[in-house]
Every structure is written in structure tokens, then in C-alpha cells.
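The values are calculated or read from the model by the stated rules, or taken from the named source; none is laboratory data. Just so it is clear, the model here is predicted, and its values are computed rather than measured. Cβ placement follows ideal geometry from the backbone for every residue including glycine, while neighbour counts extend to all protein chains displayed.
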Amino acid sequence: MKQLIRMAGIALLFSLTFFRSALAQKTYALGIGGGIAVPVGKLSDTQKTGYNGTLALAIGVSELPIGVRFDGIYNMFPLRTAPVGGSTTSDLRIIGGLGNLIYAFSGTSAKPYVVFGGGYYNVKIDAPGAKSESNFGVNAGLGATFGVGPVAMFFESRYHSIARKAAKGGAIQFVPITLGLMF
């Protein structure tokens with residue numbers, strides 16, 4: 001019995017030592033990026049391709065391929081040319097705060113990754129008197145990072161779907177394609 005307790009103690013001590021060293025090597029990066037935002041689904045009927053901006057905080061442990069990333073996003077979709085009967089829509093702005101999991105594959109000069117998560121999106125039509133609305137949404141996509149000296153460049157594309165009631169027009173879907181830097 002004493003032998004079993006000693007072995008359990010040694011295993012616990014080894015586990016705590018490894019866990020402490022893993023936490024000591026915790027890494028983080030701040031990122032900024034931008035690019036185009038492509039409306040898909042019903043959104044593409046009224047809005048045309050616009051632009052996006054992203055601020056990111058990535059947190060991970062160097063020994064593990066999985067990490068967490070928090071993103072602040074801004075997307076603007078200009079109005080398509082109004083049809084002959086007129087249109088009741090205008091430019092559309094989407095701001096969001098997202099929490100994501102990232103799984104990075106090993107690589108030498110390029111490190112591909114998968115990103116998925118969810119968050120709250122605030123949508124507003126850019127028209128006088130228009131009110132914004134916030135809804136939960138999800139996103140998933142692919143990307144890659146490239147080491148460029150002391151910083152890393154990233155290139156990614158994600159699919160976003162914002163859940164809305166059918167009475168309010170249904171889901172909003174778009175795909176931003178982003179190029180940025182991680183510091």
C-alpha cells in the first residue's frame with residue numbers, strides 16, 4: 001500500500017511540474033487585419049461585397065496545437081443598386097465580439113489552422129432612424145500564419161451565420177477574407 005501511495009505521489013508531482021512548465025510557456029499574440037467581406041445567402045440579394053476589419057487576441061501554450069482567440073470584427077456591406085421599384089434597405093454594418101477555438105497544424109514556413117466559435121453580432125442598417133439589433137451567431141473557417149521576422153502574417157476566411165427570427169428577415173450570412181499581422 002505504501003508503494004502505491006509513493007507512486008501516486010511521484011505521478012502527481014511529475015504532473016504538477018509538467019503543468020507548471022506548460023503554463024510558464026503560455027503565449028499570446030495581438031493581431032490586426034482587414035480585407036473584403038462577401039455577403040452570401042439572402043444578404044447577397046440586397047448588399048454587395050464590402051470590407052472588414054479585425055482585432056484579435058490569441059492565447060495558447062506552445063506545446064499544444066489548440067488555442068483560444070478573441071476577435072472584435074467590423075464589416076460594412078454597401079447597398080446594391082436599387083431596383084426600379086425603389087428599395088427600403090441601405091448600407092449594412094455588422095460589429096461582433098467572438099470567442100473562438102483554434103487548432104493549428106504543424107508546419108515549417110506556413111502553419112495552417114482551423115478556427116470555429118461564436119459570439120454576439122450587432123447589425124445596423126445605415127439609415128436615419130434605423131435601430132440596431134444584437135443576435136448570437138457562429139463562425140468557422142480556415143487560415144494560415146506565416147513567420148515574417150518578429151511578427152506573423154495571417155490569411156484566413158471564415159463563414160459567419162447570425163441567427164435571427166424569420167420575421168426579421170432570417171439568418172444573415174457572410175464570408176470575410178482577411179489578411180493581417182500578429183504581434
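Every residue, every condition in (1) at pLDDT 95 or above; (2) out of contact with any helix residue (DSSP H, G or I) (no Cβ under 7 Å at 6 or more places or on another chain); (3) of a type in the set (A, V, I, L, M), yes or no:
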site: A24; (1), (2), (3): no, yes, yes
site: L30; (1), (2), (3): yes, yes, yes
site: S62; (1), (2), (3): no, yes, no
site: M76; (1), (2), (3): yes, yes, yes
site: T81; (1), (2), (3): no, yes, no
site: G96; (1), (2), (3): yes, yes, no
site: S106; (1), (2), (3): no, yes, no
* Structure fact -> A140: passes all of (1) in contact with a Leu (Cβ under 9 Å, 6 or more places away or on another chain); (2) among the aliphatic types (A, V, I, L, M); (3) within 20 Å of F174 (Cβ to Cβ); (4) modelled with pLDDT of 95 or more but (1)
* Could you list all residues from region 87-125 that are assigned to a loop (DSSP other than H, G, I, E, B), in contact with a strand residue (DSSP E or B) (Cβ under 7 Å, 6 or more places away or on another chain), of a type in the set (S, T, N, Q) and within 17 Å of E156 (Cα to Cα)? => S109
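Per-residue answers, yes or no, for (1) among the charged types (D, E, K, R); (2) under 14 Å from A37 (Cβ atoms):
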residue	(1), (2)
S132	no, no
G149	no, no
F154	no, no
R158	yes, yes
I162	no, yes
A171	no, no
T178	no, yes
* Check region 140-152 and report whether any residue there is more than 12 Å from the chain's Cα centre (by Cα), without any contact (Cβ under 8 Å) to a residue 24 or more places away in the chain and over 27 Å from Y28 (Cβ atoms). => no
* Look at region 138-168 and say how many of its residues are loosely packed, with under 14 Cβ neighbours inside 10 Å and either part of a loop (DSSP other than H, G, I, E, B) or on the phi > 0 side of the Ramachandran plot (or both). => 4
* Among the residues of region 126-137, is any part of a strand (DSSP E or B), under 15 Å from the mean Cα position of the chain (by Cα) and either crowded, with 16+ Cβ neighbours inside 10 Å or not charged (D, E, K, R) (or both)? -> yes
